[in-house]
Amino acid sequence: MVVVRRRPAPAEHDYEALFREHAGAVYRTLYAFTAGRRAIAEEATAEAFARAVAHADRVRDPVAWVYRTAFRLAVDELRRERRTPPEAAEEVEPVPAGLGELVGALRELSPNQRAAIVLRYEADLSVDEIARRMGASAATVRVHLHRGRNRLRELLGAEETEESDDA
Amino acid sequence: MPERWETQIRKLRGVEPGPDLGTRFEEGPRGEPPPPTRQRVVAAVTALALFLGAGVFAVRVFGTGEESAPPPAAAGDEATLVLELSSNDGEPAAALGYGDEGQDGTREGYRWCVDGECVAGISDFVRYPPVFELLVVPPSTPIEVAGDGSVERLRISTMDDQPVEESGGPMQVPASNGSYVVEVDATWAGDPGGSANFFFGVQALDSPASAPDVLRVECGPGYTVTDAAVVRTQADGLHVEVTGAEGIVAYSLIGGPGDPEAAVIGDSVPGGLMGVPPGTWEFACREQGEQDDTDPTATFELVDPDGNYASPELSCDAATEQAFTSAIPGSTAHEEAAEQLVSGLEEGDRLRGAGYGAETFKVGPTYVVERGGDSVARLTLDAGSDPWAGSFGVCEESGIGLSELATAVQLEPTGPSSAELSPPPETVPDVLIVRCEELGPAVEATQVRLQEDGLHVEALNVAHADVVEIRSPDAGRDAFAHQTAFDEAEESFVVPRFGPGEVWVACRLTDENGKLVGGFEAEPGSYVPVEVLPAE
C-alpha cells in the first residue's frame, strides 16, 4: 500500500532566492526569444519575477509561472513596438561580440522556436520541462524543436550528432 | 560531438543581464492589469491627438489596446459601487471600484483644455458597446461618484443596448440579475478641464445560483468577450455558446485552478460542452494561425451551486491508494460493480460518478464517495478489465473501504514527484487512433505498439480531410511516408513497413486538382509525433 498526500496549497517560496538562481536563465531564454532584444528581455524578466511576488498566494510553480509570464510580457512589448511608428521605435541594441551570427540566425526562427531551442540546448531541459515553462504541450514543443533545429542547421551548419527530444 | 549550431546556441551561456535587473525586480510590478479579469481591448485603433490653438477639431483618437493601469483603490465599502472621475494624469479618466475589485472605464471621446489649448478625440472600436470585462456586484448596489469630475449623464443598458436607467446623478445598479453596460458622460470644470464619456461593464448577481447556466462568448478580431463574469454549471458540464465562430479553429479554457491545463472544444462550431471543474478560467478563441500564448482571452468564474460536479481529487491531506482485482465479472455494469466494491458508506454519503453527470468520466469509469460535498474516496475501474480491476484511493479515517469482493494488489511505490493521487498508467495500445480535426490530427495516445504485421491505424475523419499520412520525421523529403486516402469517414489500415521509433502523423487536404497541399516541408507544425514501440 502506498501512502500519498494531496498536493498542498501553494507553498511559500523565497522569491529572492529564486530570482538569484533563475533570473539569469530566464533572461537568456528571453534574450533568445526576442532575438537579441536585451532591454525587452531584461524588463520582461524583472517584471515577471515582480509579478510572481505580487501573486505569491496563487503561484504554485513559480519558475514555470515566471517563464510563462515573461514570454507573455515580451510578446506584448514586441507587439507594442510593431504598432509604434518606426521613427519612435526603440533601436535594436548592438549584439555582443561573438553572438552576431547566432542572433542573426535566431531572427530567422519564430519566437517559440527560439525559446524551445534555447531551453533545450542551452538550458538542457527536457521536453516536458520546456512544455511546462512555455505553457505548451510537449507535442507542440517537439514541433518547435524539430522546425527550429532544421532551420538552424540550414543557417549555421551541422556536423555529426543527432539528439533525441525525449529526454 | 555537438553540431555546429548547438555550439553556437551554447554561446548564450555567456550572456548575462545588466546590473540593474535586481533593482528593477525589487521595484515591483508595473503596468499590471487590474484583477480579476485580464481582458484586453486589442481591437481599438491607434491614437492620434492634435494640439491646436484656439479652435477644437474633432479628430479620431485611437485606443491603444494596452493593458489598463491598476484602478484606484475603492473609496467606499463593498455596499457601494464607486465611480471615480479623475484628471490627475492630465487627462480625463474614470474607474469603477467595488471593494477590492476595480475596472477602468473605456473612454470613447473627450475634449480637454489646458491653458486655453484644447485637444479632442473620439475612439473607434471594433465592438459596441466597448465593454470587454464585467465587474460583479449585487443588484441594486448604489453608485457613488468620487473624484474631481461630475456626472452629466449616467445611462445603464443591457448588453444588447436596451436602455434600463438614465439619470443625471448618482443612481444604482439594476435590481435584476444580469449583465449591464454603464455609460457615463462626465465633465471637469475649470482649467484644465473638459469632458469625456466612458463605458463600463457590470454583472449584477445576488448569489451563485442566480448566475447564468450558459457561457455566451463573442469571438472577434483580436478580442474575446463573455456576457457574464460568473457562470454556473449544468448537470453535464459547462455549456458554451459562441458567436463570431467564423475563422476560429478552437475554443480553449486555460489557466484554470491548479495546473494550467487546457480544455478544448471547437472546430468552428457555435458552442459546445466542457467538462472542466469549477474555478476561474480564461476562455480563448483560437484563430487560424494564432499561437496559443497570444490568443485574447476572457476570464470568468465557473460556480457549482447545485453540486453538479464531483471532484476526482480527494479532499483530505492524507490518503491511501491501492490497486485491486475483484471477483466481479467484467460483464457487470460498472455502476453496479462500483456499488458492490465500495463499502463502509455512512448515512448521507453518496457514491457517484466523478466529474459531471453519471456518464462523464475522465479516466475510465471513476467513482467517488462524497461526504458533505467533499470527495473522501475514489474508485477507478480499468476499462475493459474482466473481472473488474482498478485502483482505490481513500481518505484515512473515513471508514470507507473495499468490499470482500475485492483483493488488494501491491502497488509499486511512486517517487516524490508522483505525490498526487493519479490514475493507473494506461497500457500502450496496439492500434494508433487518429482523429482528423481542423487543428490537425489528434491521436488518442502518444505511444502505440506494433502488431506482428505492422502498425495498425484507425483514422476518424471529422474535418473533411482527404488523406492521412504517417511518416518518419527526420529524413527529409525522401523519408518513408505512408498515405491512405479517405473513402469513408473512418478508415482502418495497416502500415507494414514501419519498425519501432518515432513517426509523425498528419491529416492532409487536396486542392481542386486532387493534388495534396501542404506537407511536411511546408507545414511541419501540422504533424503530430507518436512513439512506436516494438511488438510484444
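The values are calculated or read from the model by the stated rules, or taken from the named source; none is laboratory data. All figures in this text were calculated on a predicted structure; none of them were measured in a lab. Note that each Cβ is placed from the backbone with ideal geometry, even for glycine, and that neighbours are counted across all protein chains shown. For accessibility, only protein heavy atoms count, side chains too; no ligands or nucleic acids. Shrake-Rupley method; radii C 1.70, N 1.55, O 1.52, S 1.80 Å.
Using the heavy atoms of the protein chains and a 1.4 angstrom probe, tell me the accessible area per residue for the range A:98-160 in square angstrom.
Working: 2270 Å² over 63 residues.
Normalised by residue count, the accessible surface of the range A:98-160 is 36 Å².
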**Prompt:** In the full protein assembly as shown, how much of residue B:392 is accessible to a 1.4 Å probe, in Å² to the nearest 10?
**Reply:** 10 Å²
**Asked** How big is the equivalent ellipsoid of the range B:363-410 along its three axes, where each semi-axis is √(5λ) from the Cα gyration tensor, reported in whole Å from largest to smallest?
**Response** 20, 13, 8
**Message:** As a test of the definition: with a 1.4 Å probe, what buried accessible area, both sides summed, do you compute for B against A, in Å² to the nearest 100?
**Reply:** 6000 Å²
**Asked** Given H placed on each backbone N at 1.01 Å, which residues far from residue B:109 in sequence or on other chains put an amide H within less than 5 Å of it?
**Response** B:123, B:197
**Request:** Could you pull out every residue, at least 5 positions away or on a different chain, whose amide H is within less than 5 Å of the one on residue B:158? Hs are placed 1.01 Å off N in the peptide plane, and Pro or chain starts have none.
**Result:** B:164, B:181
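Would you rank B:494, B:119 by solvent-accessible area, highest first, keeping every protein chain in place and using a 1.4 Å probe? Kindly include the intermediate steps, with their values, before the conclusion.
Details: B:494 55, B:119 10 Å².
From most accessible down to least: B:494, B:119.
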**Message:** What number do you get for the range B:132-183 when its Cα radius of gyration is normalised by 2.2 N^0.38 Å, N = residues?
**Reply:** 1.12
**Request:** Quick one: which residues, 5 or more positions from residue B:280 or on another chain, have an amide H under 5 Å from its amide H? H modelled 1.01 Å from N in the peptide plane, none for Pro or chain starts.
**Result:** B:302
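Can you check what the net charge comes to around residue B:370, using other residues whose Cβ is under 14 Å from the Cβ of residue B:370 (Lys, Arg +1; Asp, Glu -1)? It would help to have the intermediate numbers written out before the result.
Numbers: positive: B:350, B:352, B:371, B:378; negative: B:304, B:306, B:313, B:346, B:347, B:349, B:374.
Neighbour charge sum, excluding residue B:370 itself: -3.
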